[in-house]
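The structure appears right after this line, and notes come after that.
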Amino acid sequence: MTTSTHRSADERRAQLVDAAVAVMTDEGVRAVTTRAVTARAGLPHGTFAYCFGSKGELFRAVLDRELRQSMAVTFDDDSVPVDDPSERIAAGLLAYLDRVRAAPDEALALFELTALARRDPDLRDLARWEQDAYAQAVTGNLRQWSDRHGRSWSAPVDQVARLLVALVDGTMSAWLSDRDDAAAEATLRLAATTVGALAASDADAEGVRS
């Protein structure tokens with residue numbers, strides 16, 4: 001297979017992921033059918049089978065892209081102070097909140113997809129994969145940051161990551177219900193302070209590394 005063919009297949013997959021998110025956002029997750037997605041993408045129906053083996057595989061691609069974008073927004077900005085872990089975490093969490101606020105209907109659709117996956121036997125593995133993938137991604141980012149800045153965690157970093165994921169999920173769910181910006185920001189700052197307190201300078205304390 002040529003490089004141009006590979007590129008074309010990747011582009012079509014990206015088109016279908018975009019279309020799936022658009023259908024979910026406008027009409028709900030249950031409206032996501034192969035025909036609806038290919039029609040929204042402006043592609044022949046047969047393109048779906050060429051790009052994805054199943055609708056579950058498409059949903060995984062949707063969630064995988066959301067994961068990568070979320071990690072980039074939350075962890076990739078090095079313009080904020082790094083000496084204070086709480087401030088660094090707060091900046092990332094508030095940036096993620098801004099992303100959700102900019103596209104609340106899309107965020108609702110993604111929450112709906114996760115909820116459906118937990119109830120649908122055919123998609124249950126997808127829900128488990130998403131939870132594990134987020135925890136692993138956050139763990140990796142926390143470990144990379146602490147190693148770079150000479151910090152140690154006073155709890156196993158994978159547990160810190162799961163705590164952070166749970167705090168963020170709960171805050172975003174609450175905001176999508178009440179749209180209370182001030183409450184969400186205050187909650188995320190408190191979460192950042194709580195999690196940041198678990199990071200100590202290597203010069204001051206010897207932490208527990210997992």
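The values are calculated or read from the model by the stated rules, or taken from the named source; none is laboratory data. Worth saying up front: this structure is predicted, and the values here are computed from it rather than measured. Reconstructed Cβ throughout: ideal geometry from the backbone, glycine too, with neighbour counts over all protein chains shown.
Could you identify the single residue in R124, R99 that is surrounded by 14 or more Cβ atoms within 10 Å (Cβ to Cβ) and touching a helix residue (DSSP H, G or I) at 6+ places or on another chain (Cβ under 9 Å)? Talk me through it step by step, then tell me what you get.
Numbers: R124 fails: surrounded by 14 or more Cβ atoms within 10 Å (Cβ to Cβ).
Only one candidate passes the filter, namely R99.
Of the residues L93, L163, L142, which is buried (at least 18 other Cβ atoms within 10 Å of the Cβ) and modelled with pLDDT of 95 or more? Even if it seems obvious, please write down each step before you answer.
Details: L163 fails: buried (at least 18 other Cβ atoms within 10 Å of the Cβ); L142 fails: modelled with pLDDT of 95 or more.
Sole residue among the options that is buried (at least 18 other Cβ atoms within 10 Å of the Cβ) and modelled with pLDDT of 95 or more: L93.
Among the numbered criteria (1) in contact (Cβ under 8 Å) with a residue 24 or more places away in the chain; (2) within 16 Å of the chain's Cα centre (by Cα), which single criterion is violated by D169?
(1)
Among the residues of segment 198-210, which ones are in a loop (DSSP other than H, G, I, E, B) and at pLDDT below 95? Working first, answer last.
If we filter segment 198-210 for residues that are in a loop (DSSP other than H, G, I, E, B), which is where we start, we get 198, 202-210.
Selection gives D202, A203, D204, A205, E206, G207, V208, R209, S210.
Tell me, which helices (runs of 4 or more DSSP H) lie completely within segment 40-116 with 3 or more residues that are assigned by TED's automatic domain parsing to the domain that holds D132 and of a type outside the set (F, W, Y)?
55-75, 85-102
Could we say that T25 is part of a helix (DSSP H, G or I), free of Cβ contacts under 8 Å to residues at least 24 places away in the same chain and touching a Leu at 6+ places or on another chain (Cβ under 9 Å) here? Before you say what the answer is, go through the steps one by one.
Values: part of a helix (DSSP H, G or I): yes; free of Cβ contacts under 8 Å to residues at least 24 places away in the same chain: no; touching a Leu at 6+ places or on another chain (Cβ under 9 Å): yes.
The answer is no for T25.
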